[in-house]
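Report on one structure; see the data block that follows.
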Amino acid sequence: MVRVLTTGLKLLVRRLNDAVADLETAIADIAAQATILSAATATTSGTAHTLTGIPARAQEVVLTLAGVSTDGTDPLVITLGDSGGLETSGYTGVRASTDDTTTNSGSLTAFIALTIAAVATLTYSGRVVLTLVDSTTNTWAFSGMLAADDTDDIIYYFAGAKSLSAVLTQISLTTSGGTDVFDAGKLGMLVK
């Protein structure tokens, strides 16, 4: 009788251990698919802010800008990169701006232009959404909108695509000339 109980108890313990292992695997799978929110990066100095740590499984990246400003007049731009570095060619798409009276537009080739030009006294807020279209070619579609805090009610909007040479690992916010210094605001990143 004791032998039967001992055998039954061992079997029960083995089944419980297997169940715990299955549960731990399920929790790890869920955690691997979780949304990652990076801490907001202050854009109060420097000429570029590069966000890294984008996992290979990323399907969507949302960048948020709040009150971002520079000391110059070059357009705010974003470049995408992989383990080989930031890429400055092969972007396709358009960007435009609309205010109370006019609309301006242009094409994209070297970066994602968030604004047509910048005004050193203005701050810009909005979001950029990057969505993975094809993981075999590392092709990302992007779209977004920014607003300037001025009396002309300027809205900037943009959309397009970019194929990277490898998996997306970094995104950089800078200006088209790369020399204007950031002096206000925050940049955030949400990865799904």
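The values are calculated or read from the model by the stated rules, or taken from the named source; none is laboratory data. Small disclaimer: the values here were computed from a predicted structure and weren't measured. Here the Cβ is made from the backbone with ideal geometry for all residues, glycine too, and neighbour counts use every protein chain on show.
The residue of the range 87-97 that is nearest to the chain's Cα centre (by Cα), among those that are more than 16 Å from Thr50 (Cα to Cα) and touching a residue at least 60 places away in the same chain (Cβ under 8 Å), is Tyr91. Between Ser163, Ser176, Ser172, Ser135, the distinction of being in contact with a His (Cβ under 9 Å, 6 or more places away or on another chain) and either closer than 22 Å to Leu51 by Cα or not aromatic (Phe, Trp, Tyr) (or both) belongs to Ser172 only.
Condition check for Val13 on (1) more than 30 Å from Leu65 (Cα to Cα); (2) modelled with pLDDT of 75 or more: one failure, at (2).
Looking at the range 179-186, is at least one residue out of contact with any strand residue (DSSP E or B) (no Cβ under 7 Å at 6 or more places or on another chain), surrounded by fewer than 21 Cβ atoms within 10 Å (Cβ to Cβ), assigned to a loop (DSSP other than H, G, I, E, B) and free of Cβ contacts under 8 Å to residues at least 60 places away in the same chain? No, the range 179-186 has no match at all. Scanning the range 34-86 for residues that are among the acidic types (Asp, Glu) and over 15 Å from the mean Cα position of the chain (by Cα) yields a count of 2. Candidates Thr35, Thr47, Thr41: the one that is of a type in the set (Ser, Thr, Tyr) and at pLDDT below 80 is Thr35.
For the range 94-111, the set of residues classified as closer than 11 Å to Tyr156 by Cβ and buried (at least 19 other Cβ atoms within 10 Å of the Cβ) consists of Arg95, Ser97, listed by residue number.
Of the listed requirements (1) modelled with pLDDT of 90 or more; (2) surrounded by 13 or more Cβ atoms within 10 Å (Cβ to Cβ), Thr136 misses just one: (2).
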